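A quick write-up on the structure given underneath.
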Amino acid sequence: MKTGEFHNPQRKTIGRTIWHYDAVESTNDTLKELLEQDLEEGLVVWADRQAAGKGRHGRAWASPPGGLYISILLRPKEAHAQVLGLLAGMPLVKTLRHLGVFATLKWPNDAIFQGRKLAGILSEGVYRRDTYHVILGVGVNTNLDLERLPPDVQARATSLKREVNLYVANEECLEYFLEQLDDVYSRYVHTPAPLMMKEYRGACGTIGKRVSVDTAKGKVLGKATDVTPAGALIVVDDKEGRHEIVDGTVEYVE
């Protein structure tokens, strides 16, 4: 059930309208269902909790009360779900640093701090009536008690509450993030994507690290050297073989 609606006409695109829900199955799925309506670009769906939150590859994203869970409706100039998912990481990390945690970007969609996941992004491309949309889902462990996460997740996760030892209002986190994302998306609209991806490369902590990547074709072990303009991760293995990875799960290797 929708419990509130907020408006900010000063935004360029993103966050001019926010629909707030107490609980949904998934904010991304809620927006998909709403696409049959005539919705404005930049609409934000915000929920206090998700019953069936999801991450990449259909993995569950534990979404108990205390975290920030949103999805944003975009109509990009090109079919850029992958690129937009990466670019959204820049304002996400900037927000986390603003709130006191020096997080870094882990390709493709995670914000991490000291090896633990603090936030994640799921971007999905959807066609409705011949129009291409991107639904950008973002989950942030703000005031989450880690004990409420599944045991197998607790060891790999952290939260703002844990790291800064202060209460961080979800409203404050959301407001700052939408402001930064609105600026990035405005520049994306008027800038060739390859130029925007140069900015992403500078913020991506994965580049230069030795990584192990699980892909549909098997595991790739080597050094992450670059990210292509289309968002693929370049890994050079120990035999100097070059791998262009569009989709995979990265682990850092010491």
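The values are calculated or read from the model by the stated rules, or taken from the named source; none is laboratory data. Because the structure is a prediction, the values reported are computed rather than measured. Here Cβ is always computed from backbone atoms with ideal geometry, including for glycine, and neighbour counts include all displayed protein chains. Side chains included, ligands, DNA and RNA excluded: accessible areas come from the protein's heavy atoms. Shrake-Rupley method; radii C 1.70, N 1.55, O 1.52, S 1.80 Å.
What the table shows:
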| item | result |
| --- | --- |
| Positions within the stretch 133-151 being touching a residue at least 40 places away in the same chain (Cβ under 8 Å) and open to solvent by 40 Å² or more (accessible area, probe 1.4 Å), in sequence order | D145, R148, P150 |
| Meets criteria (in contact with a strand residue (DSSP E or B) (Cβ under 6 Å, 6 or more places away or on another chain), at pLDDT 95 or above and within 20 Å of E171 (Cα to Cα)) for T3 | no |
| Those residues of the stretch 61-109 which are touching a strand residue (DSSP E or B) at 6+ places or on another chain (Cβ under 6 Å) and aromatic (F, W, Y), in sequence order | W61, Y69, W107 |
| Pairs, first among the aromatic types (F, W, Y) in the stretch 152-171, second surrounded by 12 or more Cβ atoms within 10 Å (Cβ to Cβ), C-beta under 8 Å, six or more apart | Y167/N143; Y167/K161 |
| Residue in the stretch 158-175 that is under 18 Å from P108 (Cα atoms) and among the β-branched types (V, I, T) present | no |
| Evaluation of V189 against (1) out of contact with any strand residue (DSSP E or B) (no Cβ under 9 Å at 6 or more places or on another chain); (2) within 25 Å of N143 (Cα to Cα); (3) at pLDDT below 95 (one fails), failing number | (2) |
| From L122, L96, residue being modelled with pLDDT under 95, closer than 24 Å to A169 by Cα and not polar (S, T, N, Q) | L122 |
| Selection count, the stretch 224-254, where residues are among the β-branched types (V, I, T), in a strand (DSSP E or B) and touching a residue at least 60 places away in the same chain (Cβ under 8 Å) | 3 |
| Residues satisfying the stated conditions in the stretch 192-225, i.e. touching a helix residue (DSSP H, G or I) at 6+ places or on another chain (Cβ under 7 Å) and modelled with pLDDT of 95 or more | I207 |
| The stretch 152-186, residues that are more than 15 Å from L118 (Cβ to Cβ), charged (D, E, K, R) and open to solvent by less than 80 Å² (accessible area, probe 1.4 Å) | D182, D183 |
| Residue satisfying all of: in the stretch 122-132; more than 20 Å from G89 (Cβ to Cβ) and hydroxyl-bearing (S, T, Y); most open to solvent (accessible area, probe 1.4 Å) among these | Y127 |
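Every residue, every condition in (1) among the small types (G, A, S); (2) in contact with a Gly (Cβ under 6 Å, 6 or more places away or on another chain); (3) not in a helix (DSSP H, G or I), yes or no:
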position	(1), (2), (3)
G125	yes, no, yes
Y132	no, no, yes
I135	no, no, yes
R162	no, no, no
